[in-house]
Structure formats: C-alpha cells, structure tokens
C-alpha cells in the first residue's frame, strides 16, 4: 500500500503544481546555452581585397558590405562633411547609369544599397535575395568602382545639406550634441567639427574624385559577407565584380589623443519657450582596446546603460523628471567620449542636474552584489541578441576588422563578461566617472532654468546662443 | 499612431531582401486556448538561443472614456511597476539579470508587451507576464499612478512639444474624426486628462480589459513546443477569467469637406500636411493605398520625390504613409518647403501629381518596382523573432486583425493582386479634394507662407 500511496501523492502534487505555480520567488533558471557562431572565414580576392565571411542559411538573403577605413574624422580641415557627401553621391549616377536609373534597378531587384560615412569608417552596404545576388553585386560594384560625381547631382545634394543645416536650428538634440562635442574637444582635433555652410559650399568635383581614388583601395577596404552563401558559391561572383578594385595602401594621419576635461564647467544654450531641457554631461572616456573594456561596459550598464540602470531609475522612475535618462561610452580606436544624457522637464532642470551628480558620486562607492550581477548578466547573457540578423552580424564582423579583435572574440565573449568582478567594476567607476571634472551642456529656456542651475553651485556657468553653437544661419 | 513605454535606442526599420515570386512565406505555429480564455500561439525557430515572449491586450486608446484620454497608454506604463509577487522595480531588474530586453507600446486598437530573452529564461518571462495579468492590483497604489503620470507627461513633452512640427500630430485626430469616434483623440492624451486619471480608473480599466480572454500570448524562438505549452499552462492556470467586454461600435468615419488649418510652430521651414481617411486594415482598398504611398514618395523615382525634391528642388523632403487601423485608416502626405517657397506652390504641384494618377494608370514596371519592395519587407520580418517587428509580434498582429496568425502569405497576396487600374481607381476613391484635412505648419509669424486654396 505504501507504494501506491506515494504514487497518488506524487500525482496530486503534480496536479497542484499545475494549478498553482509557486510565485513566492522568481523561477530559478537553467544554465544559459553557449553562443556558438558559425566559423569566421577570411580570404582575399585575386587583387588582394580582403573578405570576411560568415554563413547563415536560415533565410535566403545575403548582406555584402564594403568597409572603408576612412571616415569624417579624416576630412581635411575646411572640408568638413566631405566623406559624407562623397559617399552619398556614389549612387547618384555611376557607370552608364543615371541616379534615377540606378535607384530604379536596385529597387526593382528588391535589393537595398546604401552608402554613407561614419566618424572613422565609410561603408557601401548591399542586402539582396540570394537569387538576385548577381544583379545586386553588379550594381553595387558599379557604384563602388565608377561613380560619376556629376555636377548637377553634387549641386542638388549641396542644396539639400545647406537646408538641412537650417533645420538644425530647431532641433534641441542636435544643438546639444554639437555644443557638447565642440566644447569637449580642442579645435585642433577633428572630433568637435561639423559640416558647416562654408565647408558645404567648398566641395568640388575634384575633391570627391580624390576622396574616392585615395580611399577605395584594397589596403583600406574589406568586404564583409553574411548570409545564405558559401565561400565556394560567392567567390566567383566577387571575382567577377570586385577583382578590378584597385590594389594599394594608404595611411591616414594619426588621430590625436583628446585632452581630458579639467574642472567643471556649465554651458547653457538658450532656447526660449522649450518644453524640456536637453542635458549632456561628460568627459573623455577610453578606447576600444582598453584592457578594462568588460569592466567599463558592466559599470556603465549599472550607471546608465539599461532601463533598470541607476540614472533611469532615479530621473524617470523615482523623480518623474524625464521620459528616460542614460549614459554611454563611445569606444573609439583612441579614447572617445563618455556621455550621460536626458531630456528633462523645464521647471526641474536644476534638480535633475543635481541627481546626475548624486548618481556619479554613488557610482564611486562600494558596489552591491545585486547591481554587479544584473549588469554583468545583462551584458553577457544578452550578447547573443547581436547575432540574429545578417546586418547585425555584419556590423559585429566590421568591429572585428576595425578594432583588430581575434576571431575567437565572439564565442569567448560571454565567458569573459561573466568573469567581471566587483573590484574591477569599482576601479572602472573611480577611474572614469570623475564628477569634479565634467563638461555640462544644457539646451533650454534660460529664463526658466538659470536660477535652478545656479543653486547647485556646480561651477562656472557660461551662456551661449544657438548661433554660437551652430554658427550664423545660412542665407539660402 | 504608436507610442512606446521607453525610448527605442537605435531602432532602425530595414526593408531586407526579396521573396522570389514562386516562394511562399509561411511561419508554422501551434495554437491553443487555456480554460481562462487566453489565446496562445507558439512558433519554433532555433537559429539563435533566444526567445521572444509577446503579449497583446486587445485594448487601446479607442476604448477610453471621455475625460480620460491617454489612459490606455498611461496604464501600459503602470504594468511595469510590479504586481503581487513582483515588488516595484523588480520587473526590469530580474529580466535584465537574465540578459533580457523588454518594452511595450500602445495604439488606438491594442497594447503590446514583449520580453526578448535567452532561451533558458522562458519561465521568468511567463512568471512576470502571468503575475501582472492575474495579480496587478494587489500591489498598486495611488503613488504608482502619480509616478507614471509624470513620466508620460515628459514623454508628451519630448515626443511632441519639444520636437519641430510635433504639435501638429496632436491636433489632427480631432480634425479627422467626429467627436464620438474612438480615433478622434490622441493615444498620448491631453495634459488635463492625464492629470485627472485616478487610482479608481486604474482598477476599473484593469478589471475590464486586462483579462486572459482579451489577450493573446505569442512565443517565438528557440523553444520546445510541448515543454513551452506545459510552462504556459502552468503559469497562467491561476489567472482568473474576466467578464465579457462590450464591443466598440464607432460612428462612421467620413470626411465630408475639406478642412484647411494653419498652425504656427518653432520651425525654420514651412510644412504642408494633407490627410485623408482610407479603408481599415486588411479591408479592400487598404493594400492599394499602401502601394500608392510608395508610388508617390518611396525612393528617387517616386512621383512626388522626383518632382518636388529631385527635379524642381522646391521641397526639402516629402513623405507619404498609411496608418492602418481596425475601424479606419489614415493616409498622410507631408512635404517641407525650401526657403522662399510657399506651401501654396507645393500644394499645386502635389495636386497635379495626384490628379495625374487619377486619370492615367501608373506604368506596369513602376507598380512592379513598388511591389518588389513590399515583398522585400515581408522576408525582413521573418529574419528575427523579437522586438516590435519580429515574428512573435507579427503572429499576434495577424491573429488580432485577421484571426489567422500565419497570414504572411495572404497578406503578401493582397499587394501582389493589385493592378495598375486598381491604383488609379483607389486614388480617385480615397484621395478626394473635398474630403481631407490640409494643414499648413509655418514658422511663427509667417502665416503668409500657408497653403491658400487655389
């Protein structure tokens, strides 16, 4: 009988469990699966153009990105915005195609080709169904190898950009970002400079041609391919369309290391009638190659890198000052900025700034285990989310090239991120979150926010107009 | 209009790829209903060790009471503030500690929530979703409502009031719909109504709408179907069923005149907005108008972009899109003028192009090009499971609007079936000159730049 009774009890307990789940504590989780990505395949075309390939056969699509290691920070002084407009013009007519014909052909294939520049790099990105890859690569290579840089198209884009400058005068976020960068970086570096009326009016056809000839060479470029192809299937197509890509090497001028912020200075950019104040606070952070990278990522996750982070919890959830607040490190090849930011309601601008500094100070005190675990796990266990789509994998592979990371980097990341400890994160906070040496920019209604900011006694307050930040409005 | 619980960082909508015409898109799924009425949809995709848990509640701002506009969205915010077994703040903390991301959004028709997480953390998402569905009120108090009221007011400031041209979208619903129509107010709501929302409103709204019978749970990703079904049955078994909900019976949404409005805003360049009412989601005529929006402003060869931005260069930009909803859709056309150009000039050219499409069918190749781009969009949706645009959400969306979670192929067929003469017929029928709102948004003090009736 004993046996039978035990059996019945067992059944009963299963039935009870099914009826009433145990809600007294959050469910214990099994160990997360390891991230095991397909192999990273590296090879070169006959002309020496390097290729990085990752196969992914879940959908019949292919992403082919040409990565050029020259970006807007390489623009010549006085020609700010040159790489951006040059990249933009690549698909405005190339080979025998006009701008309109190119757009028509690409769209008809159901493909997408876009070309753009970033701070350190430029890219031509193509996404296409594997069945239309031949046609798409034909168009992509025409754009890459034979851009027309026609005068009429240059003039058209020039006007678009000048009018775009004009629209910036109403965009509080743009004004705040530009003020922050131009005040953070010395004017002898390219980091705080932006395309302006003068530089936009200065681009010539020969500037564009020189940009293209100089930078589109094998030693400065990499083809990154992700999707439903194999090395064997894609190599003949790459040879067909990219073997005439020019061989050669270039050296971009060394990037000066930014000077660290000294003391604490506040800049208020007056925007009368603004419903909110846009805040940027920061200093120089560190580079991607920093040995403490994982510690810094976890530290920032805790401070302002996620929804449950301290800055968002404080400014949004506890005080209701804002719809959101956060922080981030721009990891460049050289030390890039650390920035904390938010948009806060006008009448609490002063107190909101004060809360940023309360959190900075708190970040430098001993770290509770719970915060450490959350920050660490969010980074480590969420990492696989970067590898769901062809375009996000291609972006990760580009990082591998730009920052010269080892091929094993992705598969070993989770383990490394989970090994982060309290000591390392605390040291990172002490080193990088230095509240006494911060640049503070606020774009808002001066008449309503000045007094509240003064009360904080954070430091000297300077006042700027929007034109001080963006320059004189272009006359169009 | 769709608004979010939190800022979408780096969200980019990409149209990816192309589906060969012979190829069918299908997303296999398993569907069942729990005894308490919860509809469940499961889809397995083991590409990466991740899962998306996606919950739709079939209530949006359209169900709000007079004087409580913005409440459905405010309520969406409150749903993250804890429930009986989840102390305030822990919802996000526990998810992040498992490597998860989550968010929510509200439209006129529905409210949705998702958790994207590693596949080992499925139980955590189910625990949290079931706890806030079954046991929300036990932990709430007036302070919770006050806290999120302030957040939402700041969301309104950030997304509308402090954004150039942002205030226009707060005015449009009232101009487009009769006063008693559920789409005649904004999803974000008015500041006065947000101030008036009370704790009792929260209780009433939850009791009425946040019941399993008014919800649908979709789980897509690296799952085992049988084990996931068991886990869902376990976590939602103690969630009580709700009461029947009366259906919304909106009055007809018909514009019977042309309304011309001028707004002044802190902007450098004037903008013209033209808005028409179009057929509801998935109804005849709706797919045609999606294609029309692309024919007019999608890409360099589109009619209005080519004319206004490329050739004449009198506009800085031009956009058209259809916001498709359950009872009525809206077709928006917006163009920003270059300096020295009046909105009257822009409107004249736009009207000419619309009239041309009314009298002459588009070219076959022109329509095919647009259709090919739409086909690309469909495969982009099946590349990932999570977020607001992945497969888990799409299965819930199709289920809500059509009753069939795997409506991918049927949806694509709606677009493929449209002919060139269907396009002209739809433009004649829906883009009427005497049934629309024409709004001029001009720099302060420059009302002379507004569009004057020709």
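Only residues that are part of a loop (DSSP other than H, G, I, E, B), in contact (Cβ under 8 Å) with a residue 40 or more places away in the chain and facing chain A (nearest Cβ under 9 Å) were counted in the range B:299-341, giving 4. Restrict the check to the range A:258-281 and report whether at least one residue is farther than 30 Å from residue A:447 by Cβ and either crowded, with 18+ Cβ neighbours inside 10 Å or at pLDDT below 95 (or both). Checked against the condition, which is being farther than 30 Å from residue A:447 by Cβ and either crowded, with 18+ Cβ neighbours inside 10 Å or at pLDDT below 95 (or both), the range A:258-281 yields at least one hit. Considering only residues in the range B:80-98 that are facing chain A (nearest Cβ under 7 Å), within 21 Å of residue A:417 (Cα to Cα) and touching a helix residue (DSSP H, G or I) at 6+ places or on another chain (Cβ under 8 Å), the one that is surrounded by the most Cβ atoms within 10 Å (Cβ to Cβ) turns out to be B:96. Answer yes if at least one residue in the range B:184-191 is part of a helix (DSSP H, G or I) and surrounded by fewer than 22 Cβ atoms within 10 Å (Cβ to Cβ), and no otherwise. The answer is yes; a qualifying residue exists. Under the condition of being surrounded by 17 or more Cβ atoms within 10 Å (Cβ to Cβ), part of a loop (DSSP other than H, G, I, E, B) and either within 14 Å of another protein chain (Cβ to nearest Cβ) or under 25 Å from the mean Cα position of the chain (by Cα) (or both), the residues counted in the range A:46-57 number 1. Against the definition (out of contact with any strand residue (DSSP E or B) (no Cβ under 7 Å at 6 or more places or on another chain), surrounded by 19 or more Cβ atoms within 10 Å (Cβ to Cβ), over 19 Å from residue B:70 (Cα atoms) and touching a residue at least 12 places away in the same chain (Cβ under 8 Å)), how does residue B:127 come out, yes or no? Yes; evaluated as a whole, the condition is true for this residue. Restricting attention to the range A:313-327, the residues that are surrounded by 24 or more Cβ atoms within 10 Å (Cβ to Cβ), part of a helix (DSSP H, G or I) and at the interface with another protein chain (Cβ under 8 Å from one of its Cβ atoms) add up to 1. Scoring residue B:155 on the criteria (1) closer than 30 Å to residue B:390 by Cα; (2) touching a strand residue (DSSP E or B) at 6+ places or on another chain (Cβ under 6 Å); (3) modelled with pLDDT of 95 or more leaves a single failure, condition (3). So is residue B:101 over 16 Å from the mean Cα position of the chain (by Cα), within 14 Å of residue B:5 (Cβ to Cβ) and either surrounded by fewer than 24 Cβ atoms within 10 Å (Cβ to Cβ) or within 14 Å of chain A (Cβ to nearest Cβ) (or both) or not? So residue B:101 passes the test. Condition check: modelled with pLDDT of 95 or more and out of contact with any strand residue (DSSP E or B) (no Cβ under 6 Å at 6 or more places or on another chain). Does residue B:373 satisfy that? No, not satisfied. Scanning the range B:424-454 for residues that are more than 30 Å from the chain's Cα centre (by Cα) and in a loop (DSSP other than H, G, I, E, B) yields a total of 6. Residue A:200 passes every criterion in (1) within 14 Å of another protein chain (Cβ to nearest Cβ); (2) more than 23 Å from the chain's Cα centre (by Cα) apart from (1). Pairs are defined by a Cβ separation below 7 Å, a sequence spacing of at least 6 or placement on different chains, a first member in the range A:30-45 that is more than 8 Å from chain B (Cβ to nearest Cβ), and a second member that is surrounded by 12 or more Cβ atoms within 10 Å (Cβ to Cβ) and in a loop (DSSP other than H, G, I, E, B); the pairs so defined are A:38/A:56; A:40/A:407; A:45/A:243. Consider the range A:378-392 and keep the residues that are closer than 18 Å to residue A:293 by Cβ and buried (at least 22 other Cβ atoms within 10 Å of the Cβ). The one that is nearest to the other protein chains (Cβ to nearest Cβ) is A:381.
Only one of the numbered conditions (1) within 14 Å of chain B (Cβ to nearest Cβ); (2) at pLDDT 95 or above is not met by residue A:469, and that is (1). On the stretch given as the range B:150-162, residues that are more than 7 Å from chain A (Cβ to nearest Cβ) and surrounded by fewer than 20 Cβ atoms within 10 Å (Cβ to Cβ) total 2.
The listed residues are B:277, B:269, B:194, and the only one of them that is within 14 Å of chain A (Cβ to nearest Cβ), closer than 30 Å to residue B:167 by Cα and not in a helix (DSSP H, G or I) turns out to be B:269. With respect to the conditions (1) within 12 Å of another protein chain (Cβ to nearest Cβ); (2) in a loop (DSSP other than H, G, I, E, B), residue A:301 falls short on a single one, namely (2). Residues in the range A:354-376 that are without any contact (Cβ under 8 Å) to a residue 24 or more places away in the chain and in a helix (DSSP H, G or I) were compared, and the one that is surrounded by the most Cβ atoms within 10 Å (Cβ to Cβ) is A:373. Count of the range B:131-155 residues, restricted to those that are in a helix (DSSP H, G or I), in contact (Cβ under 8 Å) with a residue 60 or more places away in the chain and in contact with a helix residue (DSSP H, G or I) (Cβ under 7 Å, 6 or more places away or on another chain), is 9.
Residue count for the range A:178-210, restricted to those that are surrounded by fewer than 17 Cβ atoms within 10 Å (Cβ to Cβ) and in contact (Cβ under 8 Å) with a residue 60 or more places away in the chain: 6. Counted as qualifying within the range A:64-177 are the helices (runs of 4 or more DSSP H) with 2 or more residues that are on the phi < 0 side of the Ramachandran plot and free of Cβ contacts under 8 Å to residues at least 24 places away in the same chain, namely A:99-109, A:151-167.
Residues in the range A:364-394 that are farther than 20 Å from residue B:102 by Cα and within 16 Å of the chain's Cα centre (by Cα): A:391, A:393, A:394.
The values are calculated or read from the model by the stated rules, or taken from the named source; none is laboratory data. Computed from a predicted structure; not experimentally measured. As a convention, Cβ positions derive from the backbone with ideal geometry for all residues, glycine included, and neighbour counts pool all protein chains shown.
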